[in-house]
Every structure is written in C-alpha cells, then in structure tokens.
1. Please list, ordered by first then second residue, the pairs with beta carbon atoms under 6 Å, 6 or more apart or interchain, first in the range 33-49 and assigned to a loop (DSSP other than H, G, I, E, B), second surrounded by fewer than 23 Cβ atoms within 10 Å (Cβ to Cβ).
2. Which condition breaks for Ala101 when tested against (1) in contact with a helix residue (DSSP H, G or I) (Cβ under 9 Å, 6 or more places away or on another chain); (2) over 26 Å from Arg276 (Cβ atoms)?
3. Tell me the residue from Leu149, Leu197 that is under 30 Å from Arg117 (Cα atoms) and either in contact (Cβ under 8 Å) with a residue 12 or more places away in the chain or not in a loop (DSSP other than H, G, I, E, B) (or both), please.
4. For Ala290, indicate whether it is in contact with a Lys or Arg (Cβ under 7 Å, 6 or more places away or on another chain) and exposed (fewer than 12 other Cβ atoms within 10 Å of the Cβ).
5. Here is a list: Ile355, Ile340, Ile390, Ile359. Which entry is touching a Ser or Thr at 6+ places or on another chain (Cβ under 7 Å), of a type outside the set (Lys, Arg), farther than 20 Å from Glu195 by Cβ and part of a helix (DSSP H, G or I)?
6. Would you pick out the residues in the range 85-109 that are modelled with pLDDT under 95, in a helix (DSSP H, G or I) and surrounded by fewer than 21 Cβ atoms within 10 Å (Cβ to Cβ)?
7. Could you pull out every one of the strands (runs of 3 or more DSSP E) wholly within the range 203-293 that has 2 or more residues that are under 19 Å from Ala173 (Cβ atoms) and among the hydroxyl-bearing types (Ser, Thr, Tyr)?
Amino acid sequence: MSFQHVCVLGATGSIGVSTLDVIQRHPDRMAVYALTGFSRMELLAEQARSCAAQVVVVPDMAARQRFLTAWQGGAAVPEIRVGEQALVDTASDPQVTTVMAAIIGAAGLPSALAAARSGKRVLLANKEALVAAGSVFMKAVQQGGAQLLPIDSEHSAIYQCLAGESPAEPGKAVAGLRRLLVTASGGPFRSRPLEDLAAVTPAQACAHPNWSMGRKISVDSATMLNKGLEVIEAHWLFSVPVQQIEVVIHPQSVIHSMVEYIDGSVMAQLGQPDMRTAIAYGLGFPERLASGVGLLDLATMGRLDFEAPDLLRFPCLRLAYEALRSSQAACVTLNAANEIAVDRFLGEQIRYTQIPEVIEHCLDSLNGRASQTLDALDAVLDLDSETRSIALDYCRRAPGP
C-alpha cells in the first residue's frame with residue numbers, strides 16, 4: 001500500500017475524530033494533508049496542531065478568525081482556506097490521495113463528488129451522496145476512476161462479507177448473491193410502549209444504547225430512518241434491487257450486517273460497536289490495519305438476538321422503502337424532509353412522532369414530479385432546497401410539543 005495523504009472532510013464530527021485516531025496509529029503509512037470543520041474551531045485547531053495538517057478549510061472569515069485565536073504559538077499556522085468552493089478544491093487537491101467524506105447532510109455532496117471525479121480513494125461516510133445523488137455519484141466514481149469504500153459499519157460489513165468484490169459493472173450485482181441483511185440495533189425505543197413515543201425528549205432520543213454518535217444521527221437511529229437510508233445506499237453501492245435488501249433488528253450490535261448467497265450460505269461480519277473498525281478497513285484496504293478496537297468476547301455476551309422491525313413503531317423505515325421503490329426524487333425528498341424534521345425536534349419545536357408526518361407530507365407534495373430525472377447535482381440541490389422549504393412551512397403550522 002502506497003503512502004496516503006488524507007483529507008478529512010468533517011474532521012470535528014465523531015467519524016472525523018475516529019479517523020484521526022486511526023491515522024495517527026500508522027505514521028509510516030499515512031498522514032493528514034487537510035482537515036475541514038464547520039463550527040468547532042477550537043477543536044479543529046487542536047486537531048490540526050496534533051496531526052500537523054498542512055491545510056484547514058473553514059466556512060467563513062469569522063470562523064477563520066476563531067481558528068487563529070484558538071491556535072497557540074509555536075508551530076506554523078496551516079494554510080487556511082475559506083468557503084464552500086474551498087471544500088471542493090481541497091477534496092480534489094492533487095496533493096490528496098484519500099478523502100474521508102464525513103460532512104453530514106447535503107452540504108457534503110459537492111466535495112464528495114469532487115473527490116470522486118478526481119479519482120481519489122473515497123471513504124464514504126456521507127449518506128446523502130448516495131441517498132440523494134446515487135446515480136450522479138456512482139457515475140462520477142466510474143468516470144473519475146475513483147476507489148469507493150463505504151464507511152458506514154453496515155456497508156463496510158457487507159463489503160467485507162463480499163471479500164471486497166464490487167459489482168462487475170454498474171447495475172449488475174455480485175454473482176451468486178441472494179440477499180443483503182442490514183442489521184439495526186432498534187435504538188432506545190425498541191420496546192417502549194407506542195403510546196409513550198409522543199412524549200419522547202431529544203435527550204432520550206439521543207441516548208443510543210450501543211453507539212456514541214452525533215445528535216442528528218442518534219435521532220435517525222431512534223426512528224430507524226438511518227436504516228432506511230442505509231437500504232438506499234446499499235442499493236447503489238452493491239447494485240442490488242430493493243426486494244433483495246432486508247433489515248433485521250439485532251439489539252447487541254455485534255453483527256454489523258450479513259450477505260446471503262444462493263447456495264444458502266450466510267456470511268456475517270462481527271465486531272465491537274466502534275467505527276474505527278470500518279475506518280481502518282477503508283484506510284488499509286486491501287490490507288488490515290490495527291484500529292485500536294478491543295477484543296470481542298463472545299463468551300461473556302452469551303446470546304445474539306434478532307427480530308423483524310415493526311413498521312408501526314418505525315414508520316420512517318417504511319417511508320424509506322417506499323421512496324426507494326418510487327424514484328430518486330422521492331429519496332432526495334425523504335432525506336431533506338428528515339433533516340428539517342430532526343432539526344425541529346431537537347429544537348423542541350415538534351414532537352418525536354411528528355418526524356414521519358413531516359416526511360410523509362413532503363413525499364405527498366411531490367405529486368407527479370416523482371419521475372423527475374435528476375442527472376446533475378444542481379437538480380438534486382434544487383429539489384433538496386424546495387423540500388426543506390415545504391418541510392419548514394409544515395413544521396411551523398404543526399401543533400407544538
């Protein structure tokens with residue numbers, strides 16, 4: 001494996017922090033070239049100093065000043081690039097060999113696409129690249145000659161179960177594949193009485209039983225919308241039709257996903273619920289790298305449980321399947337509406353049970369436009385923006401918590 005110069009898009013988030021932890025364990029194999037951050041300038045300055053980043057990207061001049069204020073004397077200040085175009089330029093910088101795409105939401109789309117088009121090794125942790133722009137993104141990967149490695153624990157697990165084998169060509173699944181089985185923890189409300197869900201607080205929704213994640217993705221895990229997004233991602237990553245992708249609840253989060261073949265064999269990838277496993281696999285592929293993750297002691301675990309998801313309890317999962325069966329436009333709408341709904345729930349402006357209501361309202365608003373062809377990023381972003389406006393208006397009119 002040749003030496004890698006890594007750009008971490010979204011360095012101050014949980015995936016970014018774990019990525020830097022893995023990188024710093026292998027100074028003989030890789031180094032950080034660039035880091036990007038949006039709001040936590042103090043942490044970004046600390047990270048840039050620790051890993052000797054040559055470049056940092058911040059959103060605006062105010063953030064640049066905060067970064068400089070946080071920078072302590074001594075080491076030379078890295079080059080500071082500012083703005084959205086700087087994200088795109090840095091993701092495609094000739095000095096970069098590997099890009100960790102971990103910016104949450106539609107904001108991460110342009111830079112992830114730039115990395116793909118410029119032929120980088122793309123470690124994809126941004127769901128929206130495939131959920132909202134699957135055809136556009138996969139075309140960019142193919143035309144740019146990029147190497148795409150999924151970082152979601154579920155998709156990394158599937159990739160590992162496929163022994164790193166990608167489809168021979170877009171639209172053609174791996175030979176001998178019967179089903180993809182995407183596991184889900186069930187989140188904090190798997191057994192909560194349905195009548196109690198309307199009173200769920202943001203703090204309760206963010207208290208995931210197994211994983212340490214940001215607030216937005218923690219809510220997505222609670223509603224299982226995240227699992228719906230992962231089904232959509234799996235469809236694009238592995239060229240598998242929706243009817244061959246199933247979700248199974250596995251509360252222990254030890255099996256991260258499974259692949260079933262036509263001969264009846266089921267391959268499963270197991271491990272601790274720690275994102276550093278998938279990150280190390282992506283950074284090291286095709287080799288295995290030490291990640292810092294501890295031993296998995298199955299003997300003390302005693303049992304592994306499985307159950308089918310209850311779509312009455314998790315309507316967001318149902319809506320995600322319906323969107324994938326419908327169109328790419330519906331997937332864009334699903335994702336954008338959810339981002340607004342979760343943000344409003346975290347701000348205590350709508351109830352937890354209103355999140356799927358917001359999404360369904362926006363999907364219904366598509367009407368005949370569900371068949372709209374979205375073959376360019378601008379079309380995706382236009383629909384994303386329009387959906388957010390519809391969702392915001394619905395949230396403003398909805399009865400409060």
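The values are calculated or read from the model by the stated rules, or taken from the named source; none is laboratory data. Nothing here was measured: the structure is a model prediction, and the numbers come from that model. Using ideal geometry, Cβ is built from the backbone for each residue, glycine included, and neighbour counts are taken over all protein chains shown.
1. Gly37/Thr12; Phe38/Pro59; Arg40/Thr12
2. Looking at each condition in turn, Ala101 falls short on (2).
3. Among Leu149, Leu197, only Leu149 is under 30 Å from Arg117 (Cα atoms) and either in contact (Cβ under 8 Å) with a residue 12 or more places away in the chain or not in a loop (DSSP other than H, G, I, E, B) (or both).
4. For Ala290, the condition - in contact with a Lys or Arg (Cβ under 7 Å, 6 or more places away or on another chain) and exposed (fewer than 12 other Cβ atoms within 10 Å of the Cβ) - is met.
5. Only one candidate qualifies: Ile390.
6. Residue satisfying the conditions is Ala107 alone.
7. 255-261
Condition check ((1) β-branched (Val, Ile, Thr); (2) under 28 Å from Ser39 (Cβ atoms)) across all residues:
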site	(1), (2)
Lys127	no, yes
Val141	yes, no
Arg190	no, no
Leu197	no, no
Cys206	no, yes
